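This report concerns only the one structure given below.
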Amino acid sequence: MSIALADTVLTTVLDLLAAAAKLTALKASKDAAGLPITLEDLKDARAADDVAAAELDKAIAAHGG
Amino acid sequence: MQSFSLRYALIALFVMATAACASLGLYTPQTFIERAVAAQLTATSVRTSATKLLNSGAITVADAKNAQTAASNANEGIDIAVAAYKAVCPALHTTELPDPACAAPPGADAKLTAVVGILQLTQSYLKTKEPK
């Protein structure tokens, strides 16, 4: 496997763990502030998802999709 | 019968994912809203993975479109689950007090479990496309 492909595999695995890690970080920051995770946090997560969706659309278009 | 088996498969996936997170020291969502946020973050990770795999040539445009569709469908599922949650707990949805009925409202929680299961299946699908 080339270094580029190994890097892709590694970053993909990290992406899959990233969701759980982000929730852990969010919980820690909320706990530190004495606040619960609320629907406002869900809205923020949706906004980030919209950005990721646009990036994927861009990549699909760049590959002729 | 088929939907019965699918339901148990999704629940099994959810339990395995929860156990995996705990074993890695990652926080396991306890409340409905935390599970909804976790599902949303998982949808985003599906899109991010698909983008990287497509740009590296590891998956096809069709695979990427499938991932995009699955994540968008998950968002719709999350919205439905949140609407069901608000119907049960209208006054609590911004602060979520520790009311057991609102920690895991049955209909809303089942919908979220199904959403997370589908996202995990999509992630598994993307993993099979990783370069070996």
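For A:Leu17 and B:Lys86, a Förster radius of 25 Å and the Cβ-Cβ distance give a FRET efficiency of 0.25, rounded to the nearest 0.05. Here the simple spin-label model places points 7 Å from the Cα toward Cβ, and for B:Gln30 and B:Ala104 these points are separated by 1.3 nm.
Measuring r between the beta carbons of B:Thr60 and A:Ala48 and using R0 = 30 Å, the FRET efficiency lands at 0.70. Mean partner shielding of peptide B:27-35, defined as the number of other chain Cβ atoms within 10 Å of each residue Cβ, is 5.
Only the coordinates and a few stated rules stand behind these numbers; no lab work does. Because the structure is a prediction, the values reported are computed rather than measured. Reconstructed Cβ throughout: ideal geometry from the backbone, glycine too, with neighbour counts over all protein chains shown.
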